[in-house]
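Contents: one structure, followed by commentary.
Throughout, read-outs are computed from the coordinates displayed, never taken from laboratory work. Values in this document were obtained by computation on a predicted structure and should not be read as measured data. Note: ideal-geometry Cβ built from the backbone for every residue, glycine included; neighbour counts use all protein chains shown.
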Amino acid sequence: MKLKNNVLTLDATDLKILEALQEDARQTYTDIGKQLGIAHSTVYDRIKRMENCGIIKKYTTVIDAERAVTKGVTAIMTVYTDPKESEKVAEKLCEAPQVIEVYTSLSEELQIIAKVIAENQEDLHAFIANTVAPLPGVLRIRTSIVTKKFKETQFSITNDPKKLTFIRGTYNIKEESV
């Protein structure tokens, strides 16, 4: 990993370390070093640099909501907004504990797309009616209740490492052998 002209360059070793962490972040530096054939101190140094540069944001636990929660409703909510108020509406949605993802999209008009969870349809309706609809700038809301999930994954370094070059334009992947 190199920093030149405020551009962080990740090499193949960095990518393999990230891949190992995504597989199991509880591995020791020694375990990762053995897998990659490098010293544990190298693994430690590179992980610390990636943490300091913001590439590794945090370590967390992925929970299977269907197994952890006995019942619940997941919905995709599309909120059409006044363009002047869109950022504020999105920020307010981010504050709600029922909202687990928020995105903006510009097609024919500005939209905010949010993934919402609720205990039941009644609670979902109350959240939309009492929290979302009254927000200044909300023009209309469309809600689709998720009836079956086919795929849900987090970003993974193994999906396509070359795509990292598109993340905020700050990462440059340098393909090298370890």
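Worth a mention:
- Net lengthening on full extension, Lys71/Ile145 (0.36 nm per residue, minus Cα-Cα): 25.3 nm
- At full extension, Ala129 and Lys115 could sit 3.4 nm farther apart than now, given 0.36 nm per residue minus the alpha carbon distance.
- Once the C-beta distance of Glu91 and Thr42 is scaled by a Förster radius of 41 Å, the resulting FRET efficiency is 0.50 to the nearest 0.05.
- Computed from the Cβ-Cβ distance with R0 of 22 Å, the FRET efficiency linking Glu101 to Val62 stands at 0.95.
- Above-threshold pairs, the threshold being 18 Å between Cα atoms, out of Lys16/Lys48; Lys58/Lys151; Lys57/Lys149; Lys71/Lys148; Lys57/Lys151; Lys71/Lys149: Lys58/Lys151; Lys57/Lys149; Lys57/Lys151
- Taking the Cα centre of segment 2-61 as reference, the dipole from Cβ charges on Lys and Arg (+1) and Asp and Glu (-1) amounts to some 220 debye.
- FRET E, pair Glu19, Glu152, Förster distance 25 Å, beta-carbon r, rounded to 0.05: 0.80
- One compactness figure for segment 2-61 is 1.09, namely its Cα radius of gyration divided by 2.2 N^0.38 Å.
- Ratio of Rg to Rh over segment 71-145 (Cα coordinates, Kirkwood Rh, two decimals): 0.94
- Packing-based order for 112-121, 49-58, using average beta carbon neighbours within 10 Å, highest first: 112-121, 49-58
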